[in-house]
1. As an exercise, take the mean of 1/r over every pair of distinct alpha carbons in segment 106-212, invert it, and state the Kirkwood radius in angstroms.
2. Compare the peptides 570-576, 326-332, 203-209 by average per-residue count of other Cβ atoms within 10 angstrom and give them in order, highest first.
3. Below 12 Å, Cα to Cα, which aspartates and glutamates can Lys256 reach? Residues fewer than 8 away in the same chain don't count.
4. Probe of 1.4 angstrom, ligands and nucleic acids ignored: what's the accessible area per residue over segment 445-509, in square angstrom?
5. Can you give me the orientation-averaged projected area of the convex hull built on the Cα atoms of the chain, in nm²?
6. If I stretch the segment between Asp477 and Phe585 completely, what's the gain in nm (0.36 nm per residue apart, minus their alpha carbon distance), one decimal?
7. Quickly estimate the mean residue ellipticity at 222 nm for the chain, helices only: each DSSP H run with n ≥ 4 gives -39500 (n - 2.57), and the total goes over all residues, rounded to 500.
8. Run the numbers for Asp31 and Glu418: contour at 0.36 nm per residue of separation, minus the present Cα-Cα distance, in nm.
Amino acid sequence: MAGYTPPTRDIAFTLRTICDIDSIISLPDFDHVDGDMVDGMLGEASRFFSEVIAPTNEIGDTVGSHLVDGEVRTPDAFKDAWSKYVDSGWGAVTGSPAYGGHGFPKTIGLSISEMMTSANLAFSLCPMLTGSAITLLTRHGTDALREQFLENLITGVWTGTMVLTEPEAGSDVGAVRAKAVRADDGTYRISGTKIFITWGDHDLVDNIIHLVLARTPDAPAGTKGISLFLVPKFILDDEGRPSDRNAIETVSVEHKLGIHASPTCVLSFEGATGYLIGEENRGMAYMFTMMNQARLEVGLEGMAIAERAYQLAASYAKDRRQGRAAGSEGPSPIIEHPDVRRMLMTMKATTEAMRGLVYDAVAAEDRSHHASTAAERETALDRLALLTPITKAWCTDRGCEVASIGIQVHGGMGFIEETGAAQFYRDARITPIYEGTNGIQALDLVMRKLPMHEGALIGGYLDEIATFTESLSAAGDALVDVRRELSSAVAAVRKATEWLNGSTDSVARMAGATPYQDMLGTLAGGYYLARQAAVAVADADHDPWMAAKVATARFYAMHLLPRVHACADAVVAGSEILFAVRDEFMGAEA
Ligand SMILES: Cc1cc2nc3c(=O)[nH]c(=O)nc-3n(C[C@H](O)[C@H](O)[C@H](O)COP(=O)(O)OP(=O)(O)OC[C@H]3O[C@@H](n4cnc5c(N)ncnc54)[C@H](O)[C@@H]3O)c2cc1C
């Protein structure tokens with residue numbers, strides 16, 4: 001299997017052209033950060049994740065994590081990798097300086113997460129969920145909980161989990177049944193079975209901090225009756241050190257299609273001691289802090305795995321010789337065949353488009369907390385709300401598609417495990433499912449986000465794309481294809497948006513949600529590539545990397561952006577056709 005070379009130039013270019021990173025690091029909260037520091041950190045991260053973490057990816061897949069005598073054992077290589085990860089301080093980059101963090105913007109943390117996720121998705125899930133737990137605790141925990149738990153989470157001495165799912169409560173989180181009974185000392189006793197808990201148990205650290213949804217007795221039904229608890233694997237002693245084992249049993253570890261090294265646990269809470277976060281019955285609101293961050297990170301996973309699949313496929317296509325390309329005498333590297341070229345360009349353009357979308361969303365998150373004025377913070381928060389479901393769903397759907405194309409580029413060898421292309425495909429397949437399935441993301445987008453501010457939020461985003469598209473005329477002929485295709489795509493999305501926001505038939509809107517999500521994601525991807533091309537075009541004559549940027553945007557405009565039009569009819573088709581075949585004619589013939 002080929003190694004991983006972090007795309008540091010593309011990451012830096014995206015930080016500059018999409019995030020305007022200089023304007024973020026110049027905000028008062030980031031006084032201690034400067035451009036040289038950021039460059040140095042990205043260089044160091046590139047070396048660390050390619051040399052230390054990437055080599056554990058294949059081992060993790062083949063060895064996996066297992067339950068042995070009630071405790072989860074990870075692959076040996078992970079222990080060494082984890083201790084180097086902690087020693088190097090990578091987990092602490094964005095954490096609060098008050099608790100041992102370095103206080104860098106999330107946008108910079110994202111670049112590091114990208115490299116870690118490309119290097120080893122299964123490994124990255126542990127810091128990813130820990131990061132979400134840190135954010136939740138920072139925003140909603142009491143001072144006492146922050147004092148006891150934050151520093152060790154930020155520095156990676158302990159890790160965090162997100163504990164929602166139960167056998168009867170998957171997408172429908174409101175159906176959670178786990179119980180929380182208040183004890184005389186103000187703590188709670190948590191009981192119930194939770195399933196599918198990522199990194200729910202493991203042997204990399206000496207404490208695991210679970211953030212668990214449960215119901216107090218007499219709580220209202222549904223999501224309004226859910227509370228959130230911090231439940232450590234080991235209860236802390238008076239010195240703040242892990243001591244007594246809490247009443248949590250790891251019942252089993254799932255056998256899965258991919259991410260074999262990430263232990264997906266069934267946990268049984270048997271009167272475990274938990275500490276309430278915030279107020280009773282407000283748990284879902286707090287958990288959304290964690291879920292929204294994780295949704296962006298899962299969108300990132302789609303992009304990061306696509307990058308890895310693309311690198312592997314391109315490397316194979318340069319070596320493998322089959323057939324004769326036009327004008328060549330002997331067997332040609334398959335990269336010379338137009339159809340293989342089409343596949344590789346699809347992988348490259350889609351991956352770079354995703355990078356633009358994910359980075360824009362996370363830059364909006366930084367601005368929503370740190371921008372100088374309340375109005376700027378509000379605007380950024382709205383943008384983040386709009387981009388979160390698209391980032392999660394579009395990037396993970398595309399991640400699977402790109403990983404699948406990666407196998408196709410390899411031909412039969414792609415189906416054989418030893419090349420590694422299959423692992424990327426298997427690993428990618430979970431990403432459209434967890435953190436709210438992509439179907440649920442589409443409903444969030446269409447039913448909640450499109451109507452925001454009476455349609456003005458989505459209208460403003462489409463106006464931004466339309467205005468930018470007009471400005472492309474300044475680039476002359478170089479970007480004429482991009483301008484034409486973007487202009488017609490934005491018009492199509494606007495029409496579909498108006499139909500959705502104008503319809504009073506909520507079932508019809510739900511029926512059109514996923515095709516719409518596809519449309520908007522595809523348009524957004526084209527927009528970010530076009531913004532980069534508009535910058536790159538000035539240097540394209542003398543810098544082949546910049547020329548490639550321009551060509552990539554043109555390819556996307558010609559080959560991929562027209563998919564927007566293919567979705568348009570489905571968005572407005574209504575629900576009747578979805579239910580026209582009666583249930584008894586679905587599945588096995590009656
Ligand atoms: C490897 C792995 C790791 C995970 N990690 C965690 C974790 O760390 N913590 C945690 O709490 N959970 C975790 N999960 C659980 C994951 O978030 C759920 O699997 C996911 O939310 C979907 O729930 P479900 O599996 O019950 O599917 P279901 O809810 O049964 O959904 C099945 C299908 O029905 C669709 N559907 C359901 N309801 C609706 C609706 N109202 N409208 C339209 N479509 C609908 C879904 O989109 C999906 O296509 C993990 C799962 C896996 C497999």
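The values are calculated or read from the model by the stated rules, or taken from the named source; none is laboratory data. All values reported here derive from a predicted model rather than from experimental measurement. In this analysis, Cβ positions are derived from the backbone assuming ideal geometry, glycine residues included, and neighbour counts consider all displayed protein chains. We work out accessible area using only protein heavy atoms, side chains counted, and drop any ligands, DNA or RNA first. Shrake-Rupley method; radii C 1.70, N 1.55, O 1.52, S 1.80 Å.
1. Numbers: mean 1/r = 0.0652 Å⁻¹.
Result for segment 106-212, one decimal place: 15.3 Å.
2. Values: 570-576: 16.4, 326-332: 9.7, 203-209: 19.6.
With the highest mean Cβ count within 10 Å placed first, the list reads 203-209, 570-576, 326-332.
3. Answer for Lys256, where 12 Å is the Cα cut-off: Asp61, Asp427, listed by chain and number.
4. Numbers: 3130 Å² over 65 residues.
Counting only protein heavy atoms, the per-residue value for segment 445-509 is 48 Å².
5. Values: hull surface 117.1 nm².
Here the figure is 29.3 nm², rounded to one decimal.
6. Details: separation 108, 0.36 × 108 = 38.88 nm, distance 5.38 nm.
Full-extension gain reported as 33.5 nm.
7. Values: 20 runs with 302 residues, N = 590.
Rounded to the nearest 500, the figure is -17000 deg cm²/dmol.
8. On the way: separation 387, 0.36 × 387 = 139.32 nm, distance 4.79 nm.
Length gained between Asp31 and Glu418: 134.5 nm.
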